[in-house]
Each structure stands twice: as C-alpha cells, then as structure tokens.
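Below: the structure, in structure tokens.
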Amino acid sequence: MEKLVESVPANLETDAPGLPSAGRRRLLLGSSAASLATLAPAAAAQQDGSDVASADGKEISRTKGKYVTVMFEGKRCIHARYCVLGAPAVFLANVKGPWIKPDGDTVENLLHTIRQCPSGALTYRRHDGGPEEKAAPVNLVRIRENGPLTIHADVALKGKGKLQRANLCRCGASKNTPFCDGSHKQAKFVASAEAPVSADMKPLPKRDGVVNVEPLPDGPLSVSGNVEIVTGTGATIARVTQAILCRCGASKNKPFCDGSHVAAGFKASA
C-alpha cells in the first residue's frame with residue numbers, strides 16, 4: 001500500500017575571499033569520514049481530490065494538478081515564505097491538512113513562485129508539454145544574514161545528486177547536513193551577510209556550468225565550478241572556480257573556511 005505524507009508546514013515565518021594556502025588546505029581535508037544517515041519515511045496522511053500528495057522514500061510529497069505536479073521536501077524547508085506570498089491560492093498558509101493546490105493559480109505564476117524557493121524544498125514537473133526548470137544562467141552563492149548559504153546553479157552535491165537550488169548550513173547546528181534546517185534560529189547564530197570584496201577579482205570566462213559541492217567530513221564545503229559569491233545586499237565579493245566555504249559557524253573569515261572547525265571540534269558527515 002502506498003504511503004502518503006502530511007506535508008503541512010508549521011506557522012510560516014521569515015527568516016576574505018580566496019582559497020586557503022596549500023598547507024591550510026591539507027589541514028582542512030585532514031578529518032575522518034562519517035556515514036550518511038538514511039532518511040526515514042514520513043508519517044502517513046490521507047488527502048482527497050486531484051491534489052493528492054503521495055510520498056516517496058525520501059520524504060518528498062507529490063501533489064498533482066491538471067498541468068503541474070508540485071514536489072515538496074519538508075526537511076529542506078526553512079519557511080522563507082516565498083510560496084505563500086507569491087502564490088497564496090496555491091500554497092495555503094497556516095492550515096491543517098492539504099495545503100498545496102496546484103490548480104489555484106496560473107501555470108506561469110505557479111512556476112515562477114516555485115523557482116523563488118531558495119531551499120529547493122519546492123520543485124515541479126510539468127505535464128502540459130512546457131519546459132522544465134532550467135539551470136541558472138549565472139551560478140550564484142548568496143550569503144544570508146544570520147543564516148545559510150543559498151546556492152542557485154546546476155549543482156552536483158556529493159551524496160545527494162543533482163539539484164538547482166539549495167540552502168546549505170553554515171551555522172554548524174543543522175540536523176540535516178549539508179542542508180539548512182532552520183537550526184540557526186534556535187542556535188542564535190550571528191553572522192553578517194556582508195563580506196569584503198576580493199581585491200584581485202576578475203571576470204569568469206564562463207558564468208554557468210556544473211558546480212560540484214562536496215561536504216568534507218567534519219569540515220567545510222569544497223566548491224568547484226564557475227561561481228559568483230554574493231552578499232545579502234547583492235554585491236559580488238568573489239568570482240571563483242574553487243572555494244572552501246565554512247559550514248561550522250566558527251570561521252573568522254566567513255563565508256570562507258579558515259580551519260576553525262578543527263579547534264571547534266565540528267562534527268558532520270561528508
């Protein structure tokens with residue numbers, strides 16, 4: 001019998017450049033590996049009508065409408081509220097039971113709203129013959145004030161597969177690493193979304209393409225590919241093809257790693 005998931009969010013609320021030296025990089029890579037936890041299926045809940053949300057083994061609900069199927073991965077949602085503000089007739093705020101109604105708005109606005117979801121908790125599949133979501137024309141890593149790193153690119157995330165949008169934890173407290181799960185709020189994580197602009201920043205020969213992200217065991221995020229790193233106010237502070245980004249929350253050189261995870265005793269699976 002197929003299991004169904006109750007994909008109802010709680011009360012929705014808002015929420016110096018350069019690589020380290022070769023010696024520092026060896027320090028960053030010198031931790032032991034840990035195994036990935038297996039995601040458990042969510043609790044079952046029945047929904048009626050054409051917008052029935054079924055769940056696969058990765059806790060992703062699928063709500064089918066006439067033209068679009070909306071997927072929702074609750075563990076990655078941090079309640080940024082782009083959905084309930086951008087398409088309130090589709091994404092119903094503060095309700096119990098079914099909360100996604102794919103036919104409640106135009107296809108154009110529904111898809112636009114889903115693409116604004118920074119965490120990638122919301123995705124879609126079309127069955128009207130239209131194009132699916134495309135990779136970003138410019139690969140971006142955005143720094144969120146007192147919060148995660150938001151990546152928008154054609155991402156190959158080691159251990160998780162391909163994705164186009166994600167919030168990656170940088171406070172060190174997430175229980176769903178490498179993704180942000182909102183734990184920075186409870187941890188009272190404080191980190192500016194601003195950073196100094198790299199003095200030797202040069203244009204990238206290409207601004208798109210695949211971005212490989214590897215969470216290093218008990219260490220930072222290793223990023224390779226064409227990436228612009230952008231502050232909360234929209235200023236580009238670095239254009240890189242490789243970067244080591246802090247995810248322990250302790251670096252004095254955020255968003256970059258400075259090796260502080262070793263002294264902090266940071267533990268996180270690869």
Practice task
Report the label-to-label distance for Met201 and Ala93 in nanometres (one decimal), using points 7 Å from each Cα along the Cα→Cβ vector.
Solution key: 3.3
Handout entry: region 73-137: GluC sites (Glu not before Pro) in DSSP loop, at most 10 other beta carbons within 10 Å
Key = Glu132
Exercise for the section: Given the peptides 237-247, 187-197, arrange them by the average over their residues of other C-beta atoms within 10 Å, most packed first. Expected result: 237-247, 187-197
Problem - Over 23 Å (Cα to Cα) - which of Lys134/Lys158; Lys96/Lys134; Lys75/Lys252; Lys185/Lys254 fall in this group - result: Lys96/Lys134; Lys75/Lys252
Fill in the blank from the handout: Ranked output for segments 210-223, 77-90 by mean other Cβ atoms within 10 Å, highest leading, reads 210-223, 77-90
Practice task
Mind jotting down a quarter of the surface of the convex hull over the alpha carbons of region 182-259, in square nanometres, one decimal?
Solution key: 6.0
Handout entry: Amide hydrogen neighbours beyond the local backbone of Cys171, cut-off 5 Å, H modeled
Key = none
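Quick note: the coordinates plus some simple rules give every number you see, no bench work behind them. All figures in this text were calculated on a predicted structure; none of them were measured in a lab. So basically every Cβ, Gly included, is an ideal-geometry build from the backbone, and we count neighbours across all protein chains shown.
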